[in-house]
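Have a look at the structure below before the remarks.
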Amino acid sequence: MTTTATHNGHDTTPERVLFVAFELREKTWKLGFTTGHGQKPRERTVTARHHEHVLNEIAQAQRRLGLPETAPVVSGYEAGREGFWLHRFLQAQGITNHGVDSSAIEVNRRRRRAKSDGLDVRTLLSMLMRYTQGERQVWQVVKAPSVEAEDQRHRHRDLETLKQERASTTTRIKGLLSSQGLRVPSLTKLPEQLEALRLWEGSPVPPGLRRRVLRVYAHHTFLSAQIAAVEAERRAQLQASTDASLDKVRQVMRLKGIGINGAWLLVMEFFGWRAFKNRREVGG
């Protein structure tokens with residue numbers, strides 16, 4: 001596959017492109033290289049997250065496939081646990097990279113699919129070339145946030161994770177007590193409530209169950225303290241910071257029915273760095 005190179009508006013010599021697909025795994029990455037359809041891909045395996053190895057393999061592929069060092073390079077990978085650092089690294093090397101949404105990749109509904117949703121490197125290469133040729137339905141490219149925008153997401157995501165973990169401890173405590181026909185209206189002063197609880201025949205809570213419930217309750221208390229600390233940090237930042245994104249949070253909070261949680265989520269996740277083209281993208 002080629003692109004047309006133009007210099008001073010006269011030279012229209014086709015320029016060959018090196019396509020690179022990444023199959024990312026925990027310990028190793030498989031890289032696939034080709035210059036177009038019909039060519040057997042060159043496949044190499046490198047240690048995961050060793051970016052110098054990646055650059056060496058790209059340089060070797062250019063030499064083996066007869067491309068100059070200045071040949072354009074287009075790459076693609078499924079954006080997952082590696083996040084956006086790889087995208088930023090490749091872009092910094094002058095490589096045109098596409099981080100792809102795994103849930104929005106074209107699939108053959110009639111073909112039997114493997115348990116893993118991951119695509120092999122050859123399939124990724126084929127889709128990358130098709131996308132470059134203009135077939136936009138092949139997959140959905142993820143818009144990568146800036147380092148600052150990505151970092152701003154940690155506070156509200158951390159808060160949400162802590163709340164989910166605390167909710168799981170509440171469910172666990174209630175389930176343990178329910179297995180003995182016991183119930184507490186709330187977890188406030190749970191140790192004192194355990195002392196007062198009695199089984200169906202009037203005996204106290206068994207010591208093994210008591211110890212287990214109290215251990216889970218200690219974790220519940222720890223999570224509550226962390227939630228309070230994160231919420232206090234957020235309030236302090238909202239009051240003192242002059243950052244533009246936090247100014248947007250304050251503006252959204254002026255709307256009726258929207259509190260700090262909703263305003264923070266809307267600004268940091270939706271309005272901070274994403275660019276929606278239509279309402280379908282908003283819903284997705």
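A residue that is in contact (Cβ under 8 Å) with a residue 12 or more places away in the chain and not in a helix (DSSP H, G or I) can be found somewhere in the stretch 146-161.
Can you tell me how many residues in the stretch 143-168 are buried (at least 18 other Cβ atoms within 10 Å of the Cβ) and either closer than 22 Å to Val73 by Cβ or in contact with a Phe, Trp or Tyr (Cβ under 8 Å, 6 or more places away or on another chain) (or both)? Selection size over the stretch 143-168: 3.
Being surrounded by 14 or more Cβ atoms within 10 Å (Cβ to Cβ) and modelled with pLDDT of 90 or more is the requirement here; does Val213 meet it?
So Val213 passes the test.
For first residues located in the stretch 224-241 and surrounded by 11 or more Cβ atoms within 10 Å (Cβ to Cβ), partners that are at pLDDT 95 or above and lie 6+ apart or on another chain with Cβ distances below 7 Å form the pairs Ser224/Arg166; Gln226/Leu162; Ile227/Leu162; Ile227/Lys163; Ile227/Arg166; Val230/Leu162. Among residues of the stretch 178-204 that are closer than 23 Å to Ser224 by Cα, those with a beta-carbon under 9 Å from a residue that is small (Gly, Ala, Ser) at least six positions away or on a different chain give the pairs Gln193/Ser186.
Checking Gly257, Gly262 one by one, the residue that is closer than 28 Å to Thr169 by Cα and out of contact with any strand residue (DSSP E or B) (no Cβ under 8 Å at 6 or more places or on another chain) is Gly262 and no other. Residue pairs whose Cβ atoms lie under 6 Å apart, sitting 6 or more positions apart in sequence or on different chains, and linking a residue in the stretch 21-44 that is in contact (Cβ under 8 Å) with a residue 40 or more places away in the chain to a partner that is surrounded by fewer than 23 Cβ atoms within 10 Å (Cβ to Cβ) and among the polar types (S, T, N, Q), are Lys30/Thr45.
Determine, yes or no, whether Arg136 is without any contact (Cβ under 8 Å) to a residue 40 or more places away in the chain, more than 19 Å from the chain's Cα centre (by Cα), part of a loop (DSSP other than H, G, I, E, B) and under 30 Å from Tyr77 (Cα atoms). Against the criterion (without any contact (Cβ under 8 Å) to a residue 40 or more places away in the chain, more than 19 Å from the chain's Cα centre (by Cα), part of a loop (DSSP other than H, G, I, E, B) and under 30 Å from Tyr77 (Cα atoms)), Arg136 qualifies. Within the stretch 176-192, being among the polar types (S, T, N, Q) and either within 16 Å of Gly208 (Cα to Cα) or in contact with a Pro (Cβ under 8 Å, 6 or more places away or on another chain) (or both) holds for Ser178, Ser179, Gln180. Take Ala244 and decide whether it is over 28 Å from Thr169 (Cβ atoms) and loosely packed, with under 14 Cβ neighbours inside 10 Å. Taking the combined requirement at face value, the residue satisfies it.
The values are calculated or read from the model by the stated rules, or taken from the named source; none is laboratory data. It should be emphasised that the depicted structure is a prediction, and the values quoted were computed from it without experimental measurement. Glycine also receives a Cβ, built like all others from the backbone with ideal geometry; neighbour counts cover every protein chain displayed.
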